[in-house]
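Report on the following structure.
The values are calculated or read from the model by the stated rules, or taken from the named source; none is laboratory data. Quantities reported herein were computed from a predicted structural model and do not represent experimental measurements. Positions of Cβ are generated from backbone atoms using ideal geometry, with glycine treated the same way; all protein chains shown enter the neighbour counts.
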Amino acid sequence: MERITIIKLRGRFFLALALILLPLQIVTASEITYHQPPAEETIGNDRYSDDVRMGLNIFTRTNEYAGRYSGNKLSCSNCHLDKGRRANAAPLWGAFGMYPAYRSKNDQNNTLQERIQQCFRFSLDGFAPRLDSAEIKALTSYIHFLSRGIIVGKNPAGRGFPVIQDTGFDPNPDRGRQVYIADCASCHGKNGEGQEADNRQIINPPLWGLGSYNKGSGFYQNQLLAGFILANMPVGNEGLLTEQQALDVAAYINLQIRPRDPRLGFFQGILD
Ligand code: HEC
Ligand code: HEC
């Protein structure tokens with residue numbers, strides 16, 4: 001008899017606790033607010049705004065507006081989604097207030113302009129435009145425009161990609177292949193080749209092969225690629241994959257053929 005009352009009381013206690021905690025949890029979940037960049041229509045008509053517009057064009061149609069620096073088919077916006085606006089897809093406003101910053105990649109402090117150069121060299125498998133070039137200037141203006149109101153030096157929520165914690169299991173490319181065939185190949189192609197329209201505009205970007213990012217790029221790190229995939233793929237069904245599936249499919253993608261790391265010597269780069 002006594003035991004039953006205790007169990008009943010306990011039950012009530014937990015019910016009460018749950019009722020108190022439930023709304024709290026909802027509040028914390030919806031409390032993440034991301035920086036809202038100004039609308040595109042608010043780009044003005046002065047010389048600064050011309051530069052912003054040029055930066056936007058380079059960012060979304062890289063081959064057309066900065067083709068001589070680009071070695072593959074991608075545009076910046078294929079990886080930095082919604083024209084560099086989307087949280088958790090390495091938004092440009094996430095970068096603005098955080099440079100100069102030390103990077104182990106080249107073992108020195110990097111300015112924002114040097115960081116842009118690196119995406120040309122590795123993610124676009126191309127050449128870095130000079131720091132004083134019109135292209136770097138325009139891209140910097142576009143980033144500046146999106147970042148109005150950002151607090152300099154404070155890491156904004158939604159910067160970069162979600163960080164996947166160690167799941168305790170090694171990424172498994174064989175399982176990744178199954179994920180790829182089931183959830184990715186319909187858009188990115190059975191051989192990772194992507195899909196182009198008749199006028200050669202990219203519909204779905206390639207994920208490997210010579211038209212993709214090279215082995216020096218951030219996406220060549222499975223952890224980073226998996227974070228991007230977890231938050232942003234498959235398009236239209238984001239959030240479908242578990243962390244482990246994202247890691248597995250990233251490992252599968254990065255095992256395929258792609259351009260070499262330009263920092264390595266020619267033969268070393270091929271063998272790597
Ligand atoms: C419905 C079509 C569709 C599906 C399904 C899809 N993607 Fe994508 N993916 C896209 C599009 C479109 C982009 C480019 C987004 C943009 O430009 O706004 C993209 C971009 C990417 C990129 C970055 C650009 C690049 O080429 O490196 C990666 C990586 C990627 N997808 C991986 C995946 C993976 C992994 C899956 C399966 C889990 C997947 N995608 C499923 C349409 C799709
Ligand atoms: C193949 C995918 C891809 C393409 C194409 C690409 N980037 Fe990136 N970019 C990345 C990745 C991955 C990172 C690293 C994000 C991280 O470390 O969280 C990054 C980081 C950046 C950052 C720093 C972000 C931060 O928060 O520190 C900037 C700025 C940037 N890219 C600009 C560009 C520009 C400009 C272009 C086109 C000229 C471009 N990117 C093309 C994948 C890409």
Only one of 263, 159, 177, 200 is in contact (Cβ under 8 Å) with a residue 24 or more places away in the chain and farther than 30 Å from residue 96 by Cα; which?
-> 177
Across the range 240-271, what is the number of residues that are within 29 Å of residue 106 (Cβ to Cβ), more than 12 Å from ligand 1 (Cβ to nearest atom) and part of a helix (DSSP H, G or I)?
-> 6
Exception for residue 237 within (1) part of a loop (DSSP other than H, G, I, E, B); (2) under 23 Å from residue 62 (Cα atoms); (3) within 11 Å of ligand 1 (Cβ to nearest atom) falls at (2)
Restricting to the range 188-233, what's the tally of residues that are more than 14 Å from the chain's Cα centre (by Cα) and among the hydroxyl-bearing types (Ser, Thr, Tyr)?
-> 1
Selected residue [within 13 Å of ligand 2 (Cβ to nearest atom), surrounded by fewer than 22 Cβ atoms within 10 Å (Cβ to Cβ) and outside the structural domain of residue 71 (by TED's automatic domain parsing)] from 256, 195, 221 = 221
Out of the range 31-52, which residues are under 20 Å from residue 119 (Cβ atoms) and outside any loop (DSSP other than H, G, I, E, B)?
-> 51, 52
Answer yes if at least one residue in the range 109-122 is farther than 19 Å from residue 86 by Cα, assigned to a strand (DSSP E or B) and either out of contact with any Cys (no Cβ under 7 Å at 6 or more places or on another chain) or more than 9 Å from ligand 2 (Cβ to nearest atom) (or both), and no otherwise.
-> yes
